[in-house]
Each structure stands twice: as C-alpha cells, then as structure tokens.
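The values are calculated or read from the model by the stated rules, or taken from the named source; none is laboratory data. Predicted model only: the values in this text are computed from it and were never measured. Cβ sites come from the backbone with ideal geometry, for glycine too, and all protein chains shown count toward neighbours. Calculation scope for accessible area: heavy atoms of the full protein, side chains included, ligands and nucleic acids excluded. Shrake-Rupley method; radii C 1.70, N 1.55, O 1.52, S 1.80 Å.
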Amino acid sequence: MFDGYDSCSEDTSSSSSSEESEEEVAPLPSNLPIIKNNGQVYTYPDGKSGMATCEMCGMVGVRDAFYSKTKRFCSVSCSRSYSSNSKKASILARLQGKPPTKKAKVLQKQPLVAKLAAYAQYQATLQNQAKTKAAVSMEGFSWGNYINSNSFIAAPVTCFKHAPMGTCWGDISENVRVEVPNTDCSLPTKVFWIAGIVKLAGYNALLRYEGFENDPGLDFWCNVCGSDIHPVGWCAASGKPLVPPRTIQHKYTNWKAFLVKRLTGAKTLPPDFSQKVSESMQYPFKPCMRVEVVDKRHLCRTRVAVVESVIGGRLRLVYEESEDRTDDFWCHMHSPLIHHIGWSRSIGHRFKRSDITKKQDGHFDTPPHLFAKVKEVDQSGEWFKEGMKLEAIDPLNLSTICVATIRKVLADGFLMIGIDGSEAADGSDWFCYHATSPSIFPVGFCEINMIELTPPRGYTKLPFKWFDYLRETGSIAAPVKLFNKDVPNHGFRVGMKLEAVDLMEPRLICVATVTRIIHRLLRIHFDGWEEEYDQWVDCESPDLYPVGWCQLTGYQLQPPASQSSRESQS
C-alpha cells in the first residue's frame, strides 16, 4: 500500500501532535553478531539461523528473512527484477539508467535484518531512480487489441463511483449511436459519420460505421469520453458535414433515407454528455494545499505534505521537508491515508513534526470538508480493546492477510494495528485502520472464506489454529459484531479487466484483472506478473479505475509485464 517503506532510523527528530515525544527506531543492540558482505556491514539477531544468498543481488542473509516460499531473494524488489526480465537483462537495464520494467524498489515487511539489507540495496539505487522517474513506455500496447485478441471483459464504469462519470454513466451500452470523425475519407477537411457501439470496455468502445452491417473491416476503438465523440444531431447543430466512408459510399444512393431508417428508435448519448464529462473531471484539491499523510518510511505516524500536482483526482504529494521535492507519495484524493492538518492531534495519532517552522509562501491548509468521510461509530459501549486479535491485510505485503493485534485504540474509531511476529519493538511499523475499514476482519474470516491466513513469523505449530493460538497467547478475539459487514452491489465479476494502482509502488497504474471476489474484497492480479504480487483491495477502493482511465486523464498506464520485458530487452 505504501511506496518504498523501510523502518530505518532517520536523523531528524520529531514529536507527536499530541505533544508526546516521537520515538525513532531503536539502535541495534551491541551484542548481536555482525556479518560483512561486499563492504557492507549487517547485524543479525540470530546467528544460528540458516543463511541464504539472493540470486538477484548476491546479498547474504538469514534464510528465514528472505522473500517468497523458495527463499531465493532478499526482497520483493529482487524477486520482481529477476522474474520480469532475467538477471542479466535487469542488471544491464539498471547500468544503462533505464526505468524499472514495472516496479521500483519495494521493501517487503520483514524482521530488522531484512529491512536493513533491503534498505542498503534501496539506497544504492535511489540516485538512479531519481533520474529516471518516468515509468515504462506504453508504446505498442492497446487496450482494444488486448481485449479483442483474448475476448476479455472489462469492468463497467458504474463499478467505479469515484471515477469520472462513475455515477452518471447512464444507459451507454452496445448499439448506442454516436457521431465520430470519418477516417475513411479523402476530403481535405474533417468530416464525420455515424457509428454504433459494438462492444464496451470501460470508457472504451469498439465502434462500427453505419452501413458496414456485419463487416468489421473498419471497426475501431475510441474513448467514449473523448472530445471526438458526439451525440447524434451534433453535426447538424454545429454545421459539420456527415459524409459516408469511402469504402461503402456507393452502397446506397440515398444515404439520408438510410440513416433515417437506421436511427429511428436508436439510442444516442445525452446532449449534455460532454458537459457532464468535463464537470466530473473537476477536482477540489489544488497544488500548494497542505495535508497530513502517512509517513512512507514509518507507518506508525503521519507527516505534512504539499500537493504538487493533481491528475484525474490522484495527488502527487511532496513531503514538506523535501528540499529537492523528490520525496513524494502518490494517492487518490479520497484515500484513507490523507487527512486535514490537525487530524493526528485530534485522534492521538503519532505525527512527525516538520522542521519548517512556518508555511512556505503560497501554501495553505486543505479545507477539512474535502477529505473522505469515515462512518461515525459509538465507542461508549462494547468496543475494540488493546491486545484483541483479528485478521488484517498487511499494508506492506498486500497479497497476504495476517494474524494481527490491536495495539492502541485512538479516537473517532481509529485503531493502531500490528502484524504478529514481525513487529518492531518500538511500534514503528504499526499501521492505522478505521474500525469500519474493509481491510480488517474478525478471527476466522480466512478459514470461512478459504483464504490462506499468514501465521505469525516463526510460529511453528502448523497448520495454524486460532483456538490454540488464542489460548497460548492468553488473548481474546475482537467481537465479530464490531466489524464492517456492509457489502455493496459493486458489479465486479471474476475475470474483469481494469486499471489498478500498484499500491506497493503507488505512482504506477497497471493493466490488471479481478481474479477472486470475497464479499466486498477483490483479489487484483497484475497481468504478466506472478500471483505472489497480487493485492487484496476493497471493491470501493479509489485505487481502481475503468479501462481507458489513463488515456482519459493523461496518466501513464503500465502494460502487462511480459510486454514490458520485451520492450526493455529490445
């Protein structure tokens, strides 16, 4: 969920907004064994553990701390680099300063040893990445060709209430007629002709010119919300000529009579469609607005950041202390990770106070009413308590649902949660979820829904049984009735295509597929990547978008990994 996390200590001091001194990550105990490798010094908490060597970067480390079931790689980053492009091609690309094939450096949530090792590797490539922030080239990828050649189905726009036209898409469907530019014409001026929607894929429509009947020879894909698609009647009102395609211009002698017959009783776009598109793409967040956002290096706290740019409702936030403005974080304006200035103080959340004593010129606090509202809860009766057990999506490994513990109860229904077996001693990797969050579940959720539950790291009594674990730890499960049970009629189906944010590298939006649905929980698979990089996402997540969203907003879409690899190798 977060971009490039690590839990290494910073040099800057900080304090919480509740006037409580902010604790930095504790120093390493001096009695731990030290191992040297390639000039780097790593300290390991357990000298008895088996060792392993990363097949990507060559780093030596404790085997139990390595990533994946095979323990072949020291981090998610190395695993992805190796699998996407082969070791040789990936290293060559890095040496040449090319952008990553899909993902930038990502730090898997692991014990301190793995975090230190991954952090060292992360720092070694930061300078390269700063020079090549551009994502993978989209050249050669076409949603239309991808869907046609594989007979894919895309999630309808109505599944995405936060996206443009998500709540006012209306009856746009197959057989709707529109007026579009006629590209099969030799006239020097721009002329139009009428086409019908043959197939819909998100915002994209496969169109066929009127008169071609069942001939798909000149079918073409077009974004319905684009500036070149108009309702029938627009040409007449605008004085634009309707000219039949050259391929079929001699098919009928009376085209006017043909059109009258074909269009009688047919549906078209609403006359104010383009206006609605424009209005739905107006966003209240503006550059220079200040917000509180999760600290991507310390999950347990927030920091002040400034809106640098807004694209399709997605915000590029730059942490206020970043002098070169490269320390950034991407999220949607409705993300639960951002809040108004003063939010942390109001609920008792840890906060890293900025070294900047006053606002920079032109910066101003974002009005509180612009942020996503959370459901009000009653904490006066039976409520969550510290130490209660539950199941939660790990924000640092979104493919897993883990055994977790409530570590602190905050105000307004917010909870600080830790993943059992891999928590830092100072709580620096606790994370904040609201009590109504769709990312937390009662004990037994995974078992009931046949999802693999990730047991605490180092827990050897397998298969994991909640009854035994609660008894062994002297804990109690959080009451089932306290969890969010609302399941909206979201409209998603298994196999549907969409565009999804890679929440482990949130500046990237990728070609993706819904592979599993559990109530309101979606399993999102990134096309071309292994299943271990899948992510559990809520059906109403603002990080999911219809096919064609990137084209509509001007954001860059990441094609499937296999195609990325071919481009990189070429």
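A few comments on the model shown:
- Cα→Cβ-extended label distance, 7 Å offset, between Q556 and D272, nm: 3.8
- The calculated FRET efficiency for N254 paired with E532, based on their beta-carbon distance and R0 = 60 Å, is about 0.45.
- Distance between modelled label sites at D426 and S227, nm, 7 Å Cα→Cβ extension: 5.3
- Tail beyond 19 Å, pair distance distribution of the range 322-413 (Cα, percent): 62
- Net lengthening on full extension, M281/D171 (0.36 nm per residue, minus Cα-Cα): 37.6 nm
- At q = 0.13, 0.21 Å⁻¹, base-10 log of I(q)/I(0) for the range 496-558 (Debye sum, equal scatterers on each alpha carbon): -0.30, -0.78
- Spin-label model, N449 to T189: label points 7 Å out along the Cα-to-beta-carbon direction sit 5.9 nm apart.
- Label zone at D365 (point 7 Å along Cα-to-Cβ), backbone N below 12 Å, the range 286-324: 290-292
- When you count the other C-beta atoms within 10 angstrom of each residue and take the mean per peptide, 473-484, 247-258 line up highest first as 473-484, 247-258.
- Of the solvent-accessible surface of the range 496-558, computed with a 1.4 Å probe and all protein chains present, 45% belongs to carbon and sulfur.
- Shape of the range 388-482, Cα gyration tensor, a/c cut at 1.5: rounded
- Sequence ranges 538-547, 330-339, 452-461, ranked by mean other-Cβ count within 10 angstrom, highest first: 538-547, 330-339, 452-461
- Annotation: extensible slack from K385 through I476 equals 31.8 nm (criterion: 0.36 nm per residue apart, minus Cα-Cα distance).
- Counting protein heavy atoms only, the range 388-482 has 59 percent of its accessible area on carbon and sulfur, 1.4 angstrom probe.
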